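First up is the structure itself, then whatever we jot down about it.
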């Protein structure tokens, strides 16, 4: 009994709206799922991974 709703989490959500942003570290253009307000830095995937604290 495997249906498509289980694979997608069972939610009928529209796709996330992505917003253009510039990485605060490397200056690369990136897309983020929130509207940057300028109050906090935004990082691309690679720079975020370098800054993310290690999980134990």
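Worth a mention:
- Of 26, 47, the sequence from fewest to most neighbouring Cβ atoms within 10 angstrom is 26, 47.
- For the range 16-56: span of alpha carbons on each principal axis (Å, largest first): 32, 23, 18
Where a number appears in this text, it was derived from the coordinates with a stated rule and is not lab data. Being a predicted model, the structure only gives us computed values, none of them experimental. No Cβ is skipped: glycine too gets one built from the backbone with ideal geometry, and neighbour counts run over all protein chains shown.
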